[in-house]
Amino acid sequence: MGYRVAVVGATGAVGREMLQTLAERNFPVDRMYALASSRSAGREVSFGEDEILTVTALDKFDFAEADIALFSAGGATAKDVAPRAGEAGCLVIDNSSAFRMDDDVPLIVPEVNPDAVDAALRQNGGRNIIANPNCSTAQLVVALKPLHQKFGVRRVVVSTYQAVSGAGKPAMDELFNQTRGIYVNQAVRSEIFTKQIAFNAIPHIDVFLDDGFTKEEWKMTAETKKILDPAIELVAHCVRIPVFIGHSEAVFIETDRPMTESGVRDLLRGSPGITVIDHRADEGYVTPHEAAGEDAVFISRIRKDPTVENGMVFWCVSDNLRKGAALNSVQIAELVAERGLAGR
Ligand code: A2P
C-alpha cells in the first residue's frame with residue numbers, strides 16, 4: 001500500500017526538492033498533492049521525471065485526504081495549518097522552526113534519534129507533528145553523533161558558511177540578479193538580505209537576540225541539545241555567503257576521551273549518512289559546489305586541535321536543500337512508513 005502525500009510549499013526551493021527526493025527514493029505514493037499559496041494555484045510542478053502535478057491552493061485542501069504532509073511553507077503557515085492537519089489525522093513533517101522546540105513535537109534526524117519519532121503520535125502525547133531541524137543543525141548532528149557516542153562530545157565551536165538557498169528561492173534570485181547587475185554597473189538592490197550578498201559575506205542570519213547571538217546561532221545550540229544531548233555545550237557563528245547551494249561548517253570539538261585523527265577518520269567513514277574525503281592534497285576535500293545535488297554529509301580536513309586536551313577540527317559540507325531540508329524530511333517519512341505510524 002502506498003500513501004497519500006501532500007507537499008506544502010511545492011513551488012518553493014525546498015518543496016521542489018521534496019518532490020524530487022520522494023520520486024528519486026521511490027517513496028510509496030498512491031496520490032501526490034502539490035500545495036502552495038492561492039497565487040500559485042493552477043501552476044504546474046514536476047514530480048520525478050515523468051509526472052506533472054497541478055498546484056492546489058493550500059486553503060482549499062482538506063488534510064483528511066492525506067496520510068503524510070511535508071511542509072516547507074514557512075513558520076507562519078505551519079503554525080496556522082499544521083495543527084489542523086494533525087488533528088485531521090495527517091502526520092505532518094514540518095521544515096520550519098515553528099514547532100521544533102515544543103515538548104510534544106519530536107525533532108528528528110533519522111541517523112541520530114530515530115526512536116524519538118514515536119512520540120509524534122497523538123496516543124503517545126504528540127500532535128501528529130514531527131519537526132525537521134534547521135539546515136545547519138541537521139548536517140552537524142549527523143557528524144557529531146558517532147563522535148559523541150565514542151568519545152563523549154563536551155563542547156562544540158562552529159562557524160558556518162551558508163548558501164543563499166537556505167533563505168528560499170527569492171534569495172537565490174537576489175544573489176543571481178545582484179551578481180549579474182554588478183557586471184553591468186547596475187545599482188544593487190537588497191530586499192531579502194540585509195546587505196549586498198553578491199561578492200560579500202553577511203554575519204547575520206535570522207534576527208538578533210538580546211545576548212548578541214542571532215536566532216540561527218541559537219537554533220544550532222538549542223536543536224543540537226534537543227536532538228543529541230542537552231549536556232553538549234555549543235557556540236555558533238553563522239555567516240551567509242554568495243553560494244547558491246551547500247552549507248559549509250568549520251567545526252571544533254572537545255571530548256571527554258582522547259581521539260586520534262585516524263580514529264576519527266575511520267569512525268566517521270563507517271557512520272551512516274557520512275562520506276569522508278580527506279587527503280591533504282588539492283582535490284582532497286569537498287566544497288559546497290561539489291556537495292550540491294548529493295545526499296551525504298561530507299567531512300574533510302580532519303586534524304587535531306593542539307590548543308586543548310582532547311580537541312579535533314574538521315570541515316563539514318552538505319547540500320542544505322537535501323540533508324538540511326528535503327532529504328531529511330523524506331527520510332523521516334520513510335521512518336514513519338517503516339514503523340507504520342501513518343496511513344489509513
Ligand atoms: P507560493 O509560491 O505560492 O508563494 P521559498 O521558501 O522557496 O520561498 O518557498 C516558500 C513556499 O511556501 C512556496 O511554495 C510558497 O508558495 C509557499 N507559501 C508561502 N506562503 C504560503 C501561504 N500563506 N500558503 C500556502 N503556501 C505558502
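If you add up the charges near E338, with Lys and Arg at +1 and Asp and Glu at -1, over every other residue whose beta carbon is less than 13 angstrom from its beta carbon, what do you get?
Charge balance near E338 sits at -1.
Determine the shape class of the chain: with a ≥ b ≥ c the square roots of the Cα gyration tensor eigenvalues, call it rounded for a/c under 1.5, and otherwise prolate if a/b is greater than b/c, oblate otherwise. Each step should come with its number before you reach the end.
Numbers: a/c = 1.73, a/b = 1.24, b/c = 1.39.
The shape class here is oblate.
For the chain, what is the relative contact order in percent, using Cα pairs closer than 8 Å and at least 6 residues apart in sequence? Display every interim value, and only then the final one.
Details: 786 pairs, mean separation 61.5, N = 344.
Reported relative contact order: 18 percent.
Most fluctuating residue of Q186, Q331, Q196 in a GNM of the chain with Cα springs under 10 Å: which is it?
Sorting by GNM fluctuation, first place goes to Q186.
Are there GluC sites (Glu not before Pro) in the range 239-344 that DSSP puts in a loop and that have at most 16 other Cβ atoms within 10 Å, and which ones? Can you show the working numbers first?
Details: sites: E249, E254, E261, E283, E290, E294, E309, E334, E338; in loops: E283, E294, E309.
Here the sparse-neighbourhood loop sites are E283, E309.
Which of these, D67, D295, D229, has the largest mean-square fluctuation under a Gaussian network model of the chain (Cα springs below 10 Å)?
Taking springs between Cα atoms under 10 Å, the residue moving most is D229.
What shape does the range 147-299 have by the C-alpha gyration tensor, where a ≥ b ≥ c are the square roots of the eigenvalues, rounded means a/c under 1.5, and otherwise prolate means a/b greater than b/c and oblate the rest? Can you show the working numbers first?
Numbers: a/c = 2.74, a/b = 1.56, b/c = 1.76.
Cα axes put the range 147-299 in the oblate bin.
For the chain, with a Gaussian network of springs between Cα atoms less than 10 Å apart, report the residue from H279, H204, H148 with the top mean-square fluctuation.
With Cα springs under 10 Å in the chain, the top fluctuation among H279, H204, H148 is at H279.
What residues have an amide H closer than 5 Å to that of I192, excluding those fewer than 5 places away on the same chain, when H is modeled at 1.01 Å from N in the peptide plane?
When sequence neighbours closer than 5 places are left aside, there are no close amide H contacts.
Could you rank the peptides 124-132, 36-44, 82-90, 20-28 by their average count of other C-beta atoms within 10 Å per residue, with the highest value first? Let's see the in-between values first.
On the way: 124-132: 21.7, 36-44: 14.1, 82-90: 19.2, 20-28: 17.2.
Final packing ranking: 124-132, 82-90, 20-28, 36-44.
Mind pulling up the Rg/Rh value for the range 6-152? Radius of gyration and Kirkwood radius, both on Cα.
On the way: Rg = 15.7 Å, Rh = 15.9 Å.
Result: Rg/Rh = 0.99.
If the viscosity is 0.692 mPa s and the temperature 37 °C, what translational diffusion coefficient in µm²/s does Stokes-Einstein give for the range 84-156 when Rh comes from Kirkwood over Cα pairs? Walk me through the intermediate numbers first.
Working: Rh = 13.1 Å.
Diffusion coefficient, whole number: 251 µm²/s.
Which order, highest average first, do 54-61, 207-214, 137-144 follow once you tally other Cβ atoms within 10 Å for each residue and take the mean per peptide? Don't jump to the answer; show the numbers that get you there.
Numbers: 54-61: 15.9, 207-214: 10.9, 137-144: 27.6.
Answer by packing, highest mean first, reads 137-144, 54-61, 207-214.
Mind giving me the nanometre distance, one decimal, between the label points for A201 and A76, set 7 Å out from Cα along Cα→Cβ?
Result for the modelled spin labels: 3.3 nm.
Excluding residues fewer than 8 places away in the same chain, name every one of the lysines whose C-alpha is closer than 24 Å to that of K323.
K79, K145, K150, K169, K215, K219, K225, K226
Check which residues have an amide H placed less than 5 Å from N320's amide H, if you skip close sequence neighbours.
For N320, the qualifying residues are G246, H247.
Can you work out ³J(HN,Hα) from phi for every residue in the range 313-322, in order, using Karplus 6.51 cos²θ - 1.76 cosθ + 1.60 and θ = phi - 60°, giving whole Hz and x for Gly and Pro?
Going residue by residue, I get 10, 8, 10, 10, 10, 7, 6, 5, 7, 9 Hz, with x marking Gly and Pro.
Where a number appears in this text, it was derived from the coordinates with a stated rule and is not lab data. Remember, predicted model here, so these are calculated numbers, not experimental data. Every residue, glycine as well, gets a Cβ built from its backbone with ideal geometry; the counts of neighbours run over all protein chains shown.
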